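Working notes, beginning with the structure itself.
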Amino acid sequence: IDSKRKVEAGEVVFSTRRKIDGVSSRDLEDALYAFGFGLQCSYVKPFGEGHINETYAVYMPTEDGDEFAYILQRVNNNVFKDPAGVMENIFGVTEYLRNVIREEGGDPDRETLSCIKTKTGCTYFEDSEGQPWRCYNYIPNSVCYQLVEEPEQFYQSGNSFGHFLKQLGNYPASSLKETIPDFHNTVKRFGNFQRALHRDIKNRAVTCRGEISFVLEREQDCGVLVQQQEEGILPLRVTHNDTKLNNILFDADTGKGLCIIDLDTIMPGLAANDFGDSIRFGAATAEEDEQNLDLVHFDISLYELYVKGYLEATKDVLTPEEVESLPWGARLMTLECGMRFLTDYLEGDTYFKTAYPEHNLVRARTQFRLVDEMEQQFDRMKEIVKKYCQN
Ligand code: ADP
Ligand code: GN1
Ligand code: MG
């Protein structure tokens, strides 16, 4: 893509083929027109590091030059089968959050996403191939991290995700569509893994025997939180379900957590899973697809900072059972994610975007390394949670 070129009416913006159903430049262009930017926009470029959707930065001309003004996304409808339901959830939640933020004296335009409708008033645009596109205002003066750069950021992240849970405490959960059924049902995820292993359609099982055993040995663990939820010990709340560090924007000036983004998977779920998914991603010393496992560790001091931030925001609302479930959330979200990567590897990489054939296997390995280290430090993880509950 030539990111400096002005887009003329009817002109091809760029052509690039991506792994998941490459986006045609024509569809991207149609989407720009649908949201009303066709003629005005300066240029568009691919953006972000997500594994599922396609994200683009839309630049608009201003007196001082081109400005990053909108986020345009093509939603992966292989993963999200009901895009209208996804958008309904997001509109409902962000509208609700705007009121909560106003009551708190905050700025709703910066502290939650602002969705933009199409020129015809729809929540999303469907392109010629039936693929859904949606648009948000870009939140200016914000930063997003792939890896914790300063420990304080992880404290901020815990505090923001905790605050988010609290803000949505009274949201009518029953109005939410279950956009991906059984998304964090670790027992079902284990079942999917077993099926992929039995089918072994790509004959890849032979290349990952150690990783397969790692999962099979942990079948019992998969049921720990699911069972507590089914027995009514753990309540369902409105949860985010994809609480990676790169799904929160920080204020570029103050460094404080600013806005929770990537709301596609907002659904009823367990607090422990949101907590755990954050730990999985953010308390790791290397990126999710680091090939050198010597660099991949679970950093318990980062874990402690997250616990501190998270419990400061939530200890009044979580039940004692929920608080106790948090360390299990970390272990199980990490195991589940590794299992999902391994499943996708066995199935031939049909779900997550991959850049090379072993990409999903590499990702699974980092997750299992983290699980292993969490298991070894599990008592300490529980003590840390207790410590910040009492303060
Ligand atoms: P994905 O589902 O692909 O992860 P996200 O919605 O998380 O997509 O967006 C990808 C990236 O785009 C984010 O990590 C963040 O850097 C940036 N981003 C998304 N929405 C906004 C926004 N409204 N303002 C600023 N940056 C954003
Ligand atoms: C996907 O879209 P993205 O990159 O934020 C996935 C998460 C995984 C994550 C692993 C809808 O998130 O569940 O934890 O990759 N999202 C979906 O990095 O499956
Ligand atoms: Mg994201």
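The values are calculated or read from the model by the stated rules, or taken from the named source; none is laboratory data. In this text, all values refer to a predicted model and were calculated from it rather than measured experimentally. In this analysis, Cβ positions are derived from the backbone assuming ideal geometry, glycine residues included, and neighbour counts consider all displayed protein chains.
Here's the yes/no breakdown for (1) more than 14 Å from ligand 1 (Cβ to nearest atom); (2) touching a Phe, Trp or Tyr at 6+ places or on another chain (Cβ under 9 Å):
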residue: Ile52; (1), (2): no, yes
residue: Glu63; (1), (2): yes, no
residue: Glu67; (1), (2): no, yes
residue: Gly92; (1), (2): yes, yes
residue: Ile101; (1), (2): yes, no
residue: Glu126; (1), (2): yes, yes
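Check the stretch 77-97 and report whether any residue there is over 25 Å from Phe164 (Cβ atoms), within 16 Å of ligand 3 (Cβ to nearest atom) and either at pLDDT below 95 or in contact with a helix residue (DSSP H, G or I) (Cβ under 9 Å, 6 or more places away or on another chain) (or both).
The initial filter retains those residues of the stretch 77-97 that are over 25 Å from Phe164 (Cβ atoms), namely 77-78, 81.
If we keep only those that are within 16 Å of ligand 3 (Cβ to nearest atom) too, we end up with none.
No, the stretch 77-97 contains no residue that is over 25 Å from Phe164 (Cβ atoms), within 16 Å of ligand 3 (Cβ to nearest atom) and either at pLDDT below 95 or in contact with a helix residue (DSSP H, G or I) (Cβ under 9 Å, 6 or more places away or on another chain) (or both).
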One residue from Glu322, Glu336, Glu347 being farther than 24 Å from Val226 by Cα, touching a helix residue (DSSP H, G or I) at 6+ places or on another chain (Cβ under 6 Å) and touching a residue at least 24 places away in the same chain (Cβ under 8 Å): Glu347
Of all residues in the stretch 146-165 being part of a loop (DSSP other than H, G, I, E, B) and under 16 Å from the mean Cα position of the chain (by Cα), the one that is farthest from Val307 (Cα to Cα): Gln146
Starting from residues that are touching a His at 6+ places or on another chain (Cβ under 7 Å) and acidic (Asp, Glu), keep the ones in the stretch 262-316 and report whichever is farthest from Thr94 (Cα to Cα). Asp289
Of the conditions (1) without any contact (Cβ under 8 Å) to a residue 12 or more places away in the chain; (2) touching a Leu at 6+ places or on another chain (Cβ under 8 Å), Arg204 clears all except one; give me its number. (1)
Of the residues in the stretch 48-80, those that are charged (D, E, K, R) and either within 19 Å of Ile139 (Cβ to Cβ) or touching a residue at least 24 places away in the same chain (Cβ under 8 Å) (or both) come to Glu49, Glu54, Asp64, Asp66, Glu67, Arg74
So for the stretch 10-25 (the condition being modelled with pLDDT of 75 or more and either away from ligand 2 (no atom under 16 Å from the Cβ) or under 27 Å from the mean Cα position of the chain (by Cα) (or both)), does at least one residue qualify? yes
Qualifying residues in the stretch 69-98 (those that are in a helix (DSSP H, G or I) and acidic (Asp, Glu)) - the one surrounded by the fewest Cβ atoms within 10 Å (Cβ to Cβ): Glu95
Going through (1) within 25 Å of Thr319 (Cβ to Cβ); (2) in a strand (DSSP E or B) one by one, Asn273 fails only at (2)
Tell me which residues, restricted to the stretch 140-185, are in contact with a Leu (Cβ under 6 Å, 6 or more places away or on another chain) and either without any contact (Cβ under 8 Å) to a residue 40 or more places away in the chain or surrounded by fewer than 21 Cβ atoms within 10 Å (Cβ to Cβ) (or both). Ser142, Cys144, Tyr145, Pro151
Test Ser325 against the criterion of being small (Gly, Ala, Ser) and surrounded by fewer than 15 Cβ atoms within 10 Å (Cβ to Cβ), and give yes or no. no
Restricting the stretch 285-299 to residues that are hydrophobic (A, V, I, L, M, F, W, C) and touching a helix residue (DSSP H, G or I) at 6+ places or on another chain (Cβ under 6 Å), which is surrounded by the most Cβ atoms within 10 Å (Cβ to Cβ)? Phe298
Is there a residue being modelled with pLDDT of 95 or more, in contact with a strand residue (DSSP E or B) (Cβ under 8 Å, 6 or more places away or on another chain) and not in a strand (DSSP E or B) anywhere in the stretch 41-51? no
